[in-house]
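Everything on this sheet refers to the single structure shown next.
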Amino acid sequence: MVDHPTPSDRGGRRFAAVMVSAACMAIVSHGACMGKRGVNPGERQTKVDANRQPFTLEQLSHLDQKTFEQSLWALRQAMEQPSSIPVADHETLPSIAGKLRQTSESTPEYWPAVLRFLQFASSRMAKKAPSPGQPPKVLSDILYVGIMRGIREEGKTILFDGGTFGNSEFTNCRIIFTANPVQMQNVRFTNCVFEFPPTDPPSPYIRKVSHTLLSSDLHSILIASL
């Protein structure tokens with residue numbers, strides 16, 4: 001005589017089957033999650049960044065505008081490479097300056113890239129300027145009367161740290177700007193290196209100076225009023 005399963009037996013077997021199925025799905029799901037967690041996104045990105053070959057300045061100068069704007073991190077990286085010196089010629093640097101002029105200030109890493117570029121580019125052009133690290137001559141200590149008497153400085157490192165002056169010329173100098181504004185009228189810079197405080201974002205004064213320099217050829221800059 002064959003025993004037929006009672007309703008309660010059938011219900012118990014269905015319940016057991018459901019539980020086994022659920023357990024299997026949980027194991028598979030857990031394995032998949034563990035597989036995904038094997039290398040987290042941050043670690044993957046770090047490895048990609050480490051393996052990514054740096055751009056040269058020449059390569060950056062030939063990028064289209066959109067790609068260039070997405071590669072400002074690469075511009076800063078390229079300027080720190082020893083190999084950047086030979087290719088920082090009079091075609092490459094103006095091309096990069098032109099692309100920076102077309103880049104929005106809201107672009108990530110814009111200001112650090114611009115400020116670093118201005119120092120880098122001007123130092124490549126001003127061969128006779130003092131080397132970095134020399135004690136600067138503070139502008140406020142230079143004797144002048146009003147804005148009508150001019151200043152003539154050559155081959156000096158000068159700290160621009162506040163003040164008002166005009167009708168002046170700086171040749172083969174290293175000019176170090178600070179956050180303290182300097183009011184200038186009819187001031188010319190010839191073959192000078194320009195350094196800026198590493199602030200992001202910079203003050204309105206530093207922004208204005210930067211735009212003026214970026215719009216020049218960095219060889220001879222006349223600031224009519226600032």
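The values are calculated or read from the model by the stated rules, or taken from the named source; none is laboratory data. Not measured: the values here are computed from a predicted model. Backbone-built Cβ (ideal geometry, glycine too); neighbour counts: all protein chains shown.
Here are the numbers for the structure shown:
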{"read-out": "Cross-chain or 6+ apart pairs with Cβ under 8 Å, region 213-226 first and under 20 Å from G98 (Cβ atoms) and in a loop (DSSP other than H, G, I, E, B), then charged (D, E, K, R) and modelled with pLDDT of 90 or more", "value": "S215/R101"}
{"read-out": "Residue tally, condition within 18 Å of the chain's Cα centre (by Cα), hydrophobic (A, V, I, L, M, F, W, C) and part of a loop (DSSP other than H, G, I, E, B), over region 164-212", "value": "1"}
{"read-out": "Of the criteria (1) free of Cβ contacts under 8 Å to residues at least 40 places away in the same chain; (2) in contact with a Phe, Trp or Tyr (Cβ under 9 Å, 6 or more places away or on another chain); (3) more than 26 Å from T103 (Cβ to Cβ), which one Q183 fails", "value": "(1)"}
{"read-out": "Verdict on T92 being surrounded by 18 or more Cβ atoms within 10 Å (Cβ to Cβ), under 30 Å from Q65 (Cα atoms) and of a type in the set (S, T, Y)", "value": "yes"}
{"read-out": "Region 66-89 - residue that is buried (at least 17 other Cβ atoms within 10 Å of the Cβ) and not in a helix (DSSP H, G or I) and, of those, modelled with the lowest pLDDT", "value": "A88"}
{"read-out": "Meets criteria (over 20 Å from L226 (Cβ atoms) and not charged (D, E, K, R)) for G155", "value": "yes"}
{"read-out": "Candidates R116, R152, R101, R124 - the one that is touching a helix residue (DSSP H, G or I) at 6+ places or on another chain (Cβ under 8 Å) and either exposed (fewer than 13 other Cβ atoms within 10 Å of the Cβ) or of a type in the set (G, A, S) (or both)", "value": "R101"}
{"read-out": "Qualifying residues in region 160-186 (those that are of a type in the set (G, A, S) and more than 20 Å from S203 (Cβ to Cβ)) - the one modelled with the lowest pLDDT", "value": "G166"}
